[in-house]
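Contents: one structure, followed by commentary.
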Amino acid sequence: MSKFWMYLREKFINYYSPLWGAGIHARTIDERTIRVKMRLTLLNRNIVGVHFGGSLYAMCDPWFMLILMRALGDDYIVWDKAASIKFIKPGRSSVTATFHIPQEQVNEILNATADGEKYLPTFTVDVLDEEGQVVAQVEKLLYVKKKNS
């Protein structure tokens, strides 16, 4: 995917209906870091008045894949393969999550896929409330493979 399309995707992703409807807003910090925030609203709270679990997961869904797609470029296939979420405590305020893939991990993925083999890296992120307490922890398993291999 060209850098132009990646730029447009980042600028308009906050208007993607599943994110927008849940009040999820993403901001790119740098090429390998994205910070996501979700306020507690009538549209994303559950029957007991805390963040709906599906919205907590939605705020964490695409980011590791998008960061890795940008880092690896057009010569690689990157897909979400599996995910899990652990609810630690009720989310009663705005929540944030920071998604980051260090360059060392990108290099590890490049080395592991250089011969055309698939690679399944795992990433974890904590969802934090306004006091910095962990509300949920999300683990994502990605599928990465060099194209035409």
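Quick note: the coordinates plus some simple rules give every number you see, no bench work behind them. Computed from a prediction, not measured in an experiment: that's the story for all the values here. Don't worry about glycine lacking a Cβ; one is built from the backbone with ideal geometry, like all the others, and counts go over all protein chains shown.
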Next item on the list: Kindly express, to the nearest 10 degrees and within the range 0 to 90, the angle between helix 103-113's C-alpha long axis and the longest C-alpha principal axis of the chain.
Entry: 50
Check: Roughly what would the spin-label model give for N148 and Y16, points 7 Å off Cα along C-beta, in nm?
Finding: 2.8
Next item on the list: Using the structure shown, select from K81/K147; K89/K140; K37/K118 the pairs with a Cα to Cα distance greater than 27 angstrom.
Entry: K37/K118
Item checked: Scattering profile of the chain at q = 0.14 Å⁻¹ [log10 I(q)/I(0), Debye over alpha-carbon scatterers] -> -0.68
Note to self: Only Cα pairs within less than 10 Å get springs; with that Gaussian network setup on the chain, which residue of D61, D75, D126 has the largest fluctuation?
What the structure shows: D75
Check: Distance in nm between label sites at E131 and D80, each 7 Å beyond Cα in the beta-carbon direction?
Finding: 3.0
Check: What does the charge dipole of the chain about its Cα centre add up to, to the nearest 20 debye, if the Cβ of each Lys and Arg holds +1 and the Cβ of each Asp and Glu holds -1?
Finding: 440
Checklist line | Cα→Cβ-extended label distance, 7 Å offset, between T33 and S93, nm | finding: 2.2
Note to self: For the chain, what does the helix formula give at 222 nm: sum of -39500 (n - 2.57) over DSSP H segments with n ≥ 4, over the residue count, nearest 500 deg cm²/dmol?
What the structure shows: -7500 deg cm²/dmol
Next item on the list: Compute the separation of the alpha-carbon centres of segment 92-148 and segment 26-44 and state it in Å as a whole number.
Entry: 15
Notebook entry, point to check: Where is the GNM fluctuation largest for the chain (alpha-carbon springs, 10 angstrom cutoff): A58, A114, A83?
Noted result: A114
Item checked: Among L43, L56, L66: highest mean-square fluctuation, GNM of the chain, C-alpha pairs under 10 Å -> L43
Note to self: Over segment 43-101, what is the relative contact order in percent, taking alpha-carbon pairs closer than 8 angstrom and at least six residues apart?
What the structure shows: 43
Notebook entry, point to check: Full extension from Q105 to Y57: what is 0.36 nm times the residue separation minus their Cα-Cα distance, to one decimal in nm?
Noted result: 14.9 nm
